[in-house]
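For reference, the structure discussed in these notes is given below.
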Amino acid sequence: MALSSRTTSRAPRPTIELTVLDATWLNSQLVRVRLGGAGFSQFQDRPETDKYVKLRFPAPEPGAAPVTRTYTVRRVDHDAQAIDIDFVIHGDEGLAGPWAASVRPGATISLMGPGGGYSPDPGAEWHLFAGDLSAVPAIGAALEALAPDAQGTAVIEVDAEDAIVDLARPAGVELAWVTNPDHATSVLADAVRGIEWREGRVHVFAHGEREAMKELRRVFFEEKGLERGQVSLSGYWARGRTEDRFQAEKREPIGQILPPTS
């Protein structure tokens, strides 16, 4: 199992052209865009539940090169030949969010991928999921992939209650939503500290805001003594950073969630 769903080595995938089939607001902050069309036949699916793709958006300035952003696939519907991708909307901030908020059926977008690195371990005695809205697509996909008798807990941080969405899951998996309107870094980690820590070997998926993931790193490895192989831990974004700056900082000490393995 990979430690980060964004660092798994993989063979290059072709770039394919997809058509927007629909765009649906799930709540005040999430838009689900369904992609399909003739290009779907070239999509090489993967078994991981955190599979991600690179989307190429038109440049905000005339004459500039297209801009690539990485997004998690929420669902691949082979019967409908469609791919669902959920976008977090922060008003007019960023590039991908405003595109998703205003896109209409018939628009096209280029996609490369997918990659992936995590699937729930069927041999684990229980599962723990932790993240914010950016991790909801991967968490939702993982919950749907669990065995009907699976046990576990999912803790998800949101800015406000109107950002909560319904997630299908086995009866034995508890789902806790934690509101954090002030964006305190420790809220998610404190919520994880407060859950019932079940007996047996746990398999963890924790992805989201970078500094919050560093707080969870302390919980999992220093406080709970988990092994690296039990934990998929990664920062999807960093508060106060543009996407380009966040990606650049992955090569700097501030961007490291886990120390490199020897």
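The values are calculated or read from the model by the stated rules, or taken from the named source; none is laboratory data. On a predicted model such as this, the values are computed, not experimentally measured, just so you know. Cβ coordinates were reconstructed from backbone atoms using ideal geometry, including for glycine residues, and neighbour counts include every protein chain displayed.
Key figures
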| item | result |
| --- | --- |
| Matching option when the condition is outside the structural domain of G94 (by TED's automatic domain parsing), assigned to a helix (DSSP H, G or I) and surrounded by fewer than 16 Cβ atoms within 10 Å (Cβ to Cβ), among E222, E211 | E222 |
| Any hit, the stretch 174-194, residues being among the polar types (S, T, N, Q), modelled with pLDDT of 95 or more, more than 18 Å from L30 (Cα to Cα) and assigned to a strand (DSSP E or B) | no |
| Residues satisfying the stated conditions in the stretch 45-81, i.e. over 15 Å from A142 (Cα atoms), among the basic types (K, R) and within 15 Å of the chain's Cα centre (by Cα) | K54, R69 |
| Members of the stretch 9-50 found to be part of a loop (DSSP other than H, G, I, E, B) and surrounded by 18 or more Cβ atoms within 10 Å (Cβ to Cβ), listed by number | Q29, F43, R46, E48, T49, D50 |
| So P148, is it in contact with a helix residue (DSSP H, G or I) (Cβ under 8 Å, 6 or more places away or on another chain), assigned to a loop (DSSP other than H, G, I, E, B) and not hydroxyl-bearing (S, T, Y) | no |
| Members of the stretch 113-140 found to be out of contact with any strand residue (DSSP E or B) (no Cβ under 6 Å at 6 or more places or on another chain), within 29 Å of T179 (Cα to Cα) and not small (G, A, S), listed by number | E125, V136 |
| Check on R201, of a type in the set (D, E, K, R) and either in contact with a Lys or Arg (Cβ under 6 Å, 6 or more places away or on another chain) or surrounded by 14 or more Cβ atoms within 10 Å (Cβ to Cβ) (or both) | no |
| Boolean, R169 is over 14 Å from the mean Cα position of the chain (by Cα), surrounded by fewer than 19 Cβ atoms within 10 Å (Cβ to Cβ) and touching a residue at least 12 places away in the same chain (Cβ under 8 Å) | no |
| Lone qualifier among R251, R210 - being of a type in the set (K, R) and within 18 Å of the chain's Cα centre (by Cα) | R210 |
| Residue check for R245: out of contact with any strand residue (DSSP E or B) (no Cβ under 9 Å at 6 or more places or on another chain) and assigned to a helix (DSSP H, G or I) | yes |
| Subset of the stretch 238-259 [surrounded by fewer than 17 Cβ atoms within 10 Å (Cβ to Cβ) and either modelled with pLDDT of 85 or more or in contact with a Lys or Arg (Cβ under 6 Å, 6 or more places away or on another chain) (or both)] | R239 |
